[in-house]
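First comes the structure, then the notes that go with it.
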Amino acid sequence: MNPTEFPTGSSMFSFLEEIWPYCRSITGNGVRSTLQAIKQHLPDLRIHEFPSGSSALDWTIPDEWNISRASVSTLSGEVLIDVAANNLHIVGYSVPFNGIVSRVELLEHIHTLKDQPDVIPYVTSYYKKRWGFCVPHRDLVRFSDEYYHVQIDSRLEPGSLSIGEWVLPGTSSREILFSTYCCHPSMANDQLSGIGLAVFLACWLREQPERRYTYRFLFLPEMIGSATYLEHHREWLKEKVIAAFNLTCVGDEHTWSYLPSRSGGTLSDKAVQHLLDFYTQESQHYTWNDRGSDESMFCAPGIDIPMVSLMRSKYGTFDAYHTSADRLGETVTAKGLQESFDMYLRLLTALDQNGYPITKILGEPQLGKRGLYPDLSIKGSTDGVKQLLNVLSYCDGQHDLFDIGNKARVNVEEVLALMELFVKHDLVEICDEPSKK
Ligand code: ZN
């Protein structure tokens, strides 16, 4: 595979605009609509339904939640909150309710962020039955009447949890896994950006004439979805997956950030660290203790899928996080999406071609007779040769391409280019596994 110009930033952005309005939660039709929109790009996407009440590791799939409308009005009919205007207005998994409530009672069900008075907070209550609304703190002054009409037309009943899965076979059955979650309502960076990147990476991979590894993309409700998937497929994933990535918060233009796997030191960790080292000016490195997403399931003891997150602004660290301020065009831009796409393309291109080169020559090879050494030796003329020899010197069957790049201080794309040259001149052989010492 070769990275190509693949103009995706604006196409990804348009796709995110399309799926923006769906009222997603961990179950229900918002997730299904999102998966159907993904299927327009990936027609082979398989949508699996797991019934409410089924086991998902230590969890149980809850009842399915759907909502058609919800509002709070004055008794004279003035609508003060309407979920049709913004789906963050309703607390996720609110139970149905229709009645007149006092101001005091209503305020017990209203959530705001005092510190960010202009935004609507994102609030859910998946496992405790309640109802509630979310509004900007500054809007509280509008609730000056004694009584209000509250109407929540929701349904909370046995149904199913939906997971989208797309697999692209390679020549090897070993896999690279991408997972992203699709359970948040309308928020851009912490939600839609990961879906957009996953879809367009999958589209790009599908167009490549060849690839070595099998690629698996999962679109699932965060935590309960990964637990559900792992309940059924963990043995397969444990055996096959060599690298895994949780795609989230990849749409802004801020500093890159990295959250490692639980054990650290996996191929996923090594590849991401190399990219950050060689392709970014600065980056933020978090620890496993800073996690907060599906890696908690995938990397849990006994499961240990080598999952890491390569993000821009990490979830939980930016002001707009989990609020109505996390909007397309504000926290997420076409440029940010394109940059993430380019970085991930670099990552998976290097991973797909990774291996353990081993020299076929005893001693340092004579490059001159292969036309690889300048025939006129003058100060500075052999700088490129030095780099070439440094890379070659680590081709001992024990170092993979990322290790070699790290040791020779050469980025992985240049290492790949040199490997092509070495193979052409019969200097090295690239093995799938480290050679026996
Ligand atoms: Zn979130």
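Some observations on this one:
- Here GLY9 fulfils each of the conditions (1) open to solvent by less than 40 Å² (accessible area, probe 1.4 Å); (2) touching a Lys or Arg at 6+ places or on another chain (Cβ under 8 Å); (3) modelled with pLDDT of 95 or more apart from (3).
- Residue that is small (Gly, Ala, Ser) and closer than 30 Å to GLY170 by Cα, where the choices are SER324, SER340: SER340
- Selection count, segment 191-223, where residues are at positive phi and crowded, with 24+ Cβ neighbours inside 10 Å: 1
- Complete set of residues in segment 183-223 that are polar (S, T, N, Q), in a helix (DSSP H, G or I) and in contact with a Leu (Cβ under 8 Å, 6 or more places away or on another chain): SER193
- Just one of the numbered conditions (1) more than 27 Å from LEU218 (Cβ to Cβ); (2) open to solvent by less than 60 Å² (accessible area, probe 1.4 Å); (3) more than 16 Å from the ligand (Cβ to nearest atom) is not true of CYS134: (3).
- Contacts under 6 angstrom Cβ, first residue in segment 314-336 being in contact (Cβ under 8 Å) with a residue 24 or more places away in the chain and closer than 24 Å to PRO260 by Cα, partner among the charged types (D, E, K, R) and open to solvent by less than 50 Å² (accessible area, probe 1.4 Å), 6 or more apart: TYR315/ASP190; ALA320/ASP326; TYR321/ASP190; THR331/ASP252; GLY336/ASP252
- Residues of segment 96-115 satisfying the condition of being in contact with a helix residue (DSSP H, G or I) (Cβ under 9 Å, 6 or more places away or on another chain), away from the ligand (no atom under 16 Å from the Cβ) and open to solvent by 30 Å² or more (accessible area, probe 1.4 Å): LEU107, THR112, LYS114, ASP115
- Segment 30-50 - residue that is among the hydrophobic types (A, V, I, L, M, F, W, C) and part of a loop (DSSP other than H, G, I, E, B) and, of those, nearest to TYR93 (Cα to Cα): LEU45
- Hey, ARG211 of a type in the set (Lys, Arg) and within 22 Å of LEU35 (Cα to Cα) or not: no
- In the set (1) outside any loop (DSSP other than H, G, I, E, B); (2) within 16 Å of the ligand (Cβ to nearest atom); (3) open to solvent by 50 Å² or more (accessible area, probe 1.4 Å), SER309 fails one condition alone, (3).
- Only residues that are part of a loop (DSSP other than H, G, I, E, B) and either of a type in the set (Ser, Thr, Tyr) or within 16 Å of the ligand (Cβ to nearest atom) (or both) were counted in segment 257-306, giving 10.
- Of all positions in segment 347-369, at least one carries a residue that is loosely packed, with under 14 Cβ neighbours inside 10 Å and either in contact with a His (Cβ under 7 Å, 6 or more places away or on another chain) or not in a loop (DSSP other than H, G, I, E, B) (or both).
- Residue tally, condition β-branched (Val, Ile, Thr) and open to solvent by 50 Å² or more (accessible area, probe 1.4 Å), over segment 263-306: 1
- Within segment 388-413, the set of residues being touching a residue at least 24 places away in the same chain (Cβ under 8 Å), in a helix (DSSP H, G or I) and either in contact with a helix residue (DSSP H, G or I) (Cβ under 7 Å, 6 or more places away or on another chain) or surrounded by 15 or more Cβ atoms within 10 Å (Cβ to Cβ) (or both) comprises LEU388, LEU389, VAL391, LEU392, LEU401, PHE402, ASP403, ILE404, GLY405, ASN406, VAL412, GLU413.
- Taking segment 224-253 as the range and being open to solvent by less than 10 Å² (accessible area, probe 1.4 Å) and in a helix (DSSP H, G or I) as the test, the residues that pass are ILE224, GLY225, SER226, ALA227, THR228, TYR229, LEU230, LEU237.
- Residue within segment 105-119 that is within 23 Å of PRO21 (Cα to Cα) and part of a strand (DSSP E or B) present: yes
- Selection from segment 51-95 of residues that are part of a strand (DSSP E or B), of a type in the set (Val, Ile, Thr) and open to solvent by less than 20 Å² (accessible area, probe 1.4 Å): VAL72, THR74, ILE81, ILE90
- Qualifying residue in segment 135-153 (condition: in contact (Cβ under 8 Å) with a residue 60 or more places away in the chain and within 16 Å of VAL31 (Cα to Cα)): no
- A count restricted to segment 158-171 and to residues that are over 28 Å from ILE61 (Cα atoms) and open to solvent by 30 Å² or more (accessible area, probe 1.4 Å) stands at 2.
- Segment 183-223, residues that are over 20 Å from ASP342 (Cα atoms), within 16 Å of the ligand (Cβ to nearest atom) and not polar (S, T, N, Q): CYS183, HIS184, PRO185, MET187, PHE219, LEU220, PRO221, GLU222, MET223
- The residue of segment 370-387 that is least open to solvent (accessible area, probe 1.4 Å), among those that are modelled with pLDDT of 70 or more and among the charged types (D, E, K, R), is ARG370.
The values are calculated or read from the model by the stated rules, or taken from the named source; none is laboratory data. The model shown is predicted, which means the values in this text are computed figures rather than measured ones. No Cβ is skipped: glycine too gets one built from the backbone with ideal geometry, and neighbour counts run over all protein chains shown. The accessibility values were calculated without ligands, DNA or RNA, using every heavy atom of the protein model including side chains. Shrake-Rupley method; radii C 1.70, N 1.55, O 1.52, S 1.80 Å.
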